[in-house]
Structure formats: structure tokens, C-alpha cells
1. Find, to one decimal place in angstroms, the Kirkwood hydrodynamic radius of chain B, where the mean of 1/r is taken over every pair of different Cα atoms and then inverted.
2. On a 0 to 90° scale, report how tilted helix A:6-17 is relative to the longest principal axis of chain A, with both axes built from alpha carbons and the result rounded to the nearest 10.
3. Count charges around B:His220 for me, please; just the other residues with Cβ under 9 Å from its Cβ, Lys/Arg as +1, Asp/Glu as -1.
4. Over chain A, with a Gaussian network built from C-alpha contacts below 10 Å, which listed residue (A:Ala158, A:Ala262, A:Ala17) shows the highest mean-square fluctuation?
5. Kindly put A:Tyr80, A:Tyr213, C:Tyr97 in sequence by how many other C-beta atoms sit within 10 Å of each C-beta, fewest to most.
6. Are there chymotrypsin sites (Phe, Trp or Tyr not before Pro) in segment A:1-53 that DSSP puts in a loop and that have at most 11 other Cβ atoms within 10 Å, and which ones?
7. How many partner chain Cβ atoms sit within 10 Å of a residue's Cβ in peptide A:14-23, on average, as a whole number?
8. According to a simple spin-label model (label point 7 Å from Cα along Cα-to-Cβ), what is the distance in nm between C:Glu191 and B:Val91?
Amino acid sequence: MVGLSVGEKHFIQGGIAQDLRSDGRKRLTYRPIYVETGVIPQAHGSARVRLGATDVIASVKAELGKPSALQPDKGKIAIYVDCSPTAAPMFEGRGGEELSTELSVALQRCLLGGKSGAGAGIDPTSLVVVEGKVCWDLYIDGLVISSDGNLLDALAAAIKAALSNTGIPKVDVAAETTSDEQPEVNISDEEFLQFDTSGIPVIVTLTKVGRHYIVDATSEEESQMSSAVSISVNRKGHICGLTKRGGVGLDPSIILDMISVAKHVSEQLINKLDSEIAAAEASEEES
Amino acid sequence: MRGLKLPLSQTQRVRLQRAFEKLQSLSAKANSDASLTVADTIPVNYEDAFLKGHGTADLNGELVATVCGVVERVNNLVYVRALRARYKPEVGDVVVGRVVEVAQKRWRLEINFSQDAVLMLSSMNMPDGIQRRRTALDELNMRSIFEENDIVCAEVRNFQHDGSLQLQARSQKYGKLEKGQLLIIDPYLVKKSKQHFHHLEQFGVDLILGRNGYIWIGEHVEARDSMVIDQAKNIEQSTVVEGINQAYTPLEMRQNICRIANAIRVLTSLGFNVDLNLIMETVELSSSLKIDIHDMLGSEFHVLVAEMEAERRSLTTKRKR
Amino acid sequence: MAAKPGSAPVTYSPNLGQKTRPPIFKDNDLDWVRPDGRGFHQCRPAFFRTGAVNSASGSAYAELGSTKVIVSVFGPRESKKAMMYSDTGRLNCNVSYTTFATPVRGQGSDHKEFSSMLHKALEGAIMLETFPKTTVDVFALVLESGGSDLPVVISCASLALADAGIMMYDLVAAVSVSCLGKNLVIDPVLEEESYQDGSLMLTCMPSRYEVTQLTFTGEWSTPEINEAMQLCLDACNKLGKVMRTCLKEAASASQE
């Protein structure tokens, strides 16, 4: 990350105060978002999302596994993010580890809901094939290809797109099995089931610079932030998760205000994203 | 169309392709066979004496390229000019750089060259404007002139024997750049011209096209050399932090700066050379069509600019004929 | 990839209405009691003690119910050469569990997620600019995990920092709330945490009324958020007072 001179910092802060950011955006305008689906044929579902110079890929792989003894009626979902050194030399070796874990944890918190599974974007009960015996384990992997700020929003969008692109093979279970035996399963390679992705939330990160907050900050703007709040909102307008970054404390009333702004912004973002995903799916089918 | 990542609709794609074809047909005669990829044989007349230049190598008696680029011939010298590479400085170039280190009697600047460039304290005009020997006190006060991360405009002075690069800033126009934004583009898009400093009077904006691909767009500053004032300002800024709020760039000027910056972003992503005329035409096109500043980065405007440029080039070639 | 030709995509229908409720929901909503007999909005009694470790610059021990945590602070010491120059201090946080902290014997390894959360919760309270080029290490060890581990670690760490004489804006008090069905349960124990539908953790500086860290999981509507945040802020305020008394006691004890 290149440092900025005092003059530039001041210019960026001034732009945010005057509601005209360096690339001509308003405080609550996103950069053009561009979605491509089905980019990784080996995965069950995948998507690539570009948000300005930020470029991320998400892939979804499903494997048959056994549900845990504590929660026999639920499949397992794991989310990991990898920051590739292709994005920036500083991600090499262990350099990207801290950011990777931070992003993974934030995504898990925002997408997987509470421990009981309530409020999850993906319903874990829909992954069960035979209760207590067989379920799908979903591995969601995010990859940061190029980073220009606002990685979390881009990753969440990519995961949403990848899941709506995911087809899980239909599984037929051999009917007669004794209760303690692992049932035999037959994975169909023709029939695929799709997820209901309407409940998957988007993440809106509000970055606070000076007295104002902005969405979709570039890395230059992120370097000026005092704190950032990532809020995940689903279509119903319910908050599905929230994480705060940056050290500076916030007044509780500001947080509540940010939540209501995020709700408002998320409506547009969800609609925009849905139409982009639909367009991407259409163009994929074409080719 | 390298690096052009835009969601295009069907019609936009067709229009863009047509514009690019037009552009290609106009320039095809000039250099279609001169461009090479790595390990391509360079056609030379082996009878004649020739000098192997940069980007070439000898392979079994044949001359091959070691970089992707365009073959250039100057008298007997044959060399390959790389298209996409880091900046290769030439003496006298105007460059914009970022201070990475304040060292003894010198600043180190990042200028997109393979090494950091050096700006000696002695090749600077002093704040008081008097020509004199630099004292130890001057050395101690170097941070008050340029700090780490400051953006500085300077001129390439010479190469040292060890290959390091020296800069100088011995004129009113060089010095620290404040109140504006820096754009970094591929250096090959900035062609050498007589004038790299532009004061766009109608906008009140300074535009500096650094040859190293660093472009500065900022508020116009009258006498750039008056570092005494700068210093005074610095002190003011550090003491009265709240006072900064009043000193923000006026909104109208900021709109102009952003519009120019986005014009350059569009031209760069289309791979056009960035020069003043083209920038101004793009800016005018956008404001005459009343395109919102942010929408300039959208697909539609890219297509419009490509069409405009194709049109303009075809007109100029016709005129030449 | 998703829609293979020749296959009509079928939508997975979520299985509703077969969620087996855990035994702590005895009958219906309001009748059940919490495992330790507290009211919904009643915190566990908090016990804090500073100076638990002799060799550290500052340390604290906290006990809330069966959650027992020890935090020691080392430094400020000079940052390692390998780190880049910075004009503010660095904060290095580490949270680990003992092998016997959990009911099932664990690995006793570092907890990366909690470490980064602890860092984020504390960095806003410490005046890092007062000790440039130096590092402060905060090591937290969870001796026994009894629920609400992270909030206890954070509160305890801020006490340890105060004990080490590190400049801070304010103490950091942390409280979490679990959402069980329609009820908000403050300061949940391990059992409640494992059945929660959603959770909220809030860390704040009580006397400045500033939130340093806030996390949500699960689905929340705006009125619920308002209620939960009010609850947490109030609890943080009271917890802050308890922490203050602990420091005062330690100070008066050392004066005598």
C-alpha cells in the first residue's frame, strides 16, 4: 500500500465532505459491478465479481459427508478466503493470512447466521440427504485476485452469485437400510438441484471518513478511514450480521444511523446484483 | 483492447469493434509488420553493418527480440522499443514522483523506474530563493521541504556512472504538488512533447503529464516556487487542524478535476495516447452530452470516445492527403 | 454449470417445522428458566482482580460464573527491526485456550478469530500515538470456558492494560446478548450459546459512550437491534463500574 501525501489525503477527505469523490462518485454510489458466472468448471458453482479494480472469484464445491452428531438435521458449510500474491506482493507467504482470516470470519458471521442456523443465508437443513446419516458439505472458497478496496462487499456478492450458479447433483438413497448402517447413495450426474438464493444477504460496508460515511471505498479511501462497519442485509431488510473494523469508537446513535443507511443502500444493491447475475447466467447459457 | 473490462451490450460491442477496426485501418501501414513478440526474428540485412541495440539478442547468427515491442532503426542501430515496461527515463524528461525516503542531503523518489530516483538537496532551488552553499541547517530542515509520501514534480538531470538516476528541480514550475489527485497510467501512453505542464485556464486546473506515466491533476497554483509560503502553510496546518475544513477545494473546481481525471481514465483504458488535445476533447464531449462525471467510466462513454477518436483520426489523415 | 442441459432445475425447499428445540425451552416461551437460574436480563456476578501475574507489566484475572480468564500485558517494548517504521505504537493480541478449558479436551491452541477481535476492540481505546516505535503484547488465556468468553477476555484485557499503566481513553467493557426464540438473554452461558438463534457482542468505553466494536450474527430486525443495543450499553455501563471499583481497590491496597 503506497502512502499518500498530506495534500492527497486532504483532497480525498474534502471530496468526501463535498459529496464528490475522486472518481466522480457520490458518497453512496457503488462502482460499476460486473458479474461473470460459471468461471470454474470443476466447481459446482462459481462466479467472478469485479468492482472497479477489485476483482474476486468465489467457488462452491459440495461433497457428501456425515452431519455432526450435535446437529443431525443440518449440512455443514465452510467459508474460506484466500488472498493471492498475484493481487499484491504483500500477500506473499504469511502476509495475506491476517486479512484472509479477517475476511473469512466476517463472511461466516454475515452469511451463516447464528449457531442454531437461524437467519442463515443458506438454509443448512436443505443440505441434508438422510437425517443423521448423509448430508452435503458445502465448501465456499473466495479468492482475491486484485484488490482496490471493499473486498468484503465484493466477496459477498461473488458468493451470492456463485451459489445461484451452483447445481448440486441429485442423490437417490437406496430405500431399505437398517438404522445403524450408512445408507447407499447414488449420485445422479444428470439431474441437478439449485439453491433458493433469494435469502442470501448482501454486505454493505460503510466506511467512515471524517464525519461522513461512504460505500464501496477504494483502497486510497480506506487508508483514510477512521472506522468501517460492514452490515449484511437480506431482501426482507433484516440485518443478518455486522462487523466493525478500524479502531476509533463510534457513538451508538451513529451505528443505528449507519444501519438504516445500509438497509436503504442494500435494496438497490440487491436489485442491481440480481439483474447482473441473471444477465451473467443468460450469457453463459448462450455461449 | 487490452485490459478493457466492460460489460458491453450487443450494439455497444459492435460499435466499439467498428471504431477499433477503423483505427486499425488508419494506422496499419505504419507499423503492422514492425511489432514483434519475444524470440521473433528481426529482419535485418546481414550484409550491412548494424549495431545490436536494447531488446535484441544473437541466436545462431540471427537477430531475435527479447521483449515484445516495435522495431526501431536509427542509422545502423537496431533496437526494440518495449510497449509495456517500466518507465525508461531520458535526460530532460518531466516526471512526477513520490518521495519514499528522506536521506542525507537527498530525497529518494519513486518514479516507476526500475530504481528510485535521487533528488539532491543541492539540485533544488532553496526556499529563500538565494543561490548559496547548503548548510547543515538546511539538511536538518529537509523534511520541511518534502516529506515522505509527498508528490514532487521534477526533471531528469542525468544518469550516474552506477546507473542511478538524478533529478533536479531548479525552476519555479517544479516542486511539491498539493490539492489534487495523482493518476498512474502506462508510461508509453504519455508521448514526449514540448509542453508537459498545462494550466487549463477555463477550469483553473493544473495538469502535469509526467513522462513516467504519473499524471497530476490539481488546483492551479500561482507561484509554485514560493516555498516560504508553503512552509508557513505547513505550520498553520499542523497547528490549526480544524482550519483545514475551510481550505477544501471548491466544489466546482473539484468537479473539473474529477472530469479531467475520468477523461484520462477512459482514454487509458481504451489504450489511446494521452495528450492535451485528446483530453480536452473528451472532457468537452462529456460535458456537451451532459454525462454525469461518474458515468464517464461506464461502457457507453467508452464507446463514444472510441468513435470520436476514430472519426477524428480519419479526418486528419484525409486532410493530410 | 448449474443448469445442465436436459435437466430442469429443481428448487431445494427448506424443511420447515421440524426444528427440535433443546431441553432448556421447557414449555413455551416465557416459562423456562436459565440453567443457572438468572433472569433474562441479569448478568452473572463479575469478579475482577488485577496483578495476577508477577512477571508481567500488568495483568488481570476475571471470573464470571464458570468463565475464568487471565490476561497479562507485556511492554511497551521496542518493536522488532523487521517491522516497518511507524509513528504509532503497535498492539499485539493473542487469545488462547487451555487444553482443559472446554468440556471436551481441546487442542489448547491459539484462537485467531478472538485474537483479531480483541485487537479491534482494544485499539480504539489505547492511545497508541503516545508510544511510537514500540509494541504492547496482550496475552489472554481462557482457563475455563463457560460462555461469553470473548467479552470477558476483552473486559479483563482492558483492566490488565490499565494495570500496566498504558495510556488509554477509557476502560473497555464488553457484553454479549443471545437471541433465543423471541427472548434476548444477556451474558449467555455455554449451553445457551450453543442454541442461540443470533448473538450480539458490544464493547464500549462507558464514560465516553463510544462503541469500539460491535458484531451481529443471525437475523435481526431494527427494533430488536435497538433493544439489544440498549441492553448491552446499559450492562457495559454497570460492568464498567465494577471494573473501576476493582482498580480503585488495587490502588488503595498498594498505597497502604
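Where a number appears in this text, it was derived from the coordinates with a stated rule and is not lab data. All of these numbers come straight from a predicted model, not from anything done at the bench. Here the Cβ positions follow ideal geometry from the backbone for every residue, glycine too, while neighbour counts run over all protein chains shown.
1. Values: mean 1/r = 0.0447 Å⁻¹.
Every distinct Cα pair counted, the radius reaches 22.4 Å.
2. That works out to roughly 70 degrees.
3. Details: positive: none; negative: B:Glu201, B:Asp206, B:Glu219, B:Glu222.
Counting the neighbours of B:His220, the net charge comes to -4.
4. A:Ala17
5. On the way: A:Tyr80 15, A:Tyr213 24, C:Tyr97 21.
Sorted ascending by nearby Cβ count, the order is A:Tyr80, C:Tyr97, A:Tyr213.
6. Numbers: sites: A:Phe11, A:Tyr30, A:Tyr34; in loops: A:Tyr30.
Here no chymotrypsin sites (Phe, Trp or Tyr not before Pro) fit, given the DSSP loop and packing criteria.
7. Working: counts 9, 7, 0, 2, 6, 2, 8, 4, 10, 9.
The per-residue average across the peptide is 6.
8. If labels sit at B:Val91 and C:Glu191, their model points lie 8.6 nm apart.
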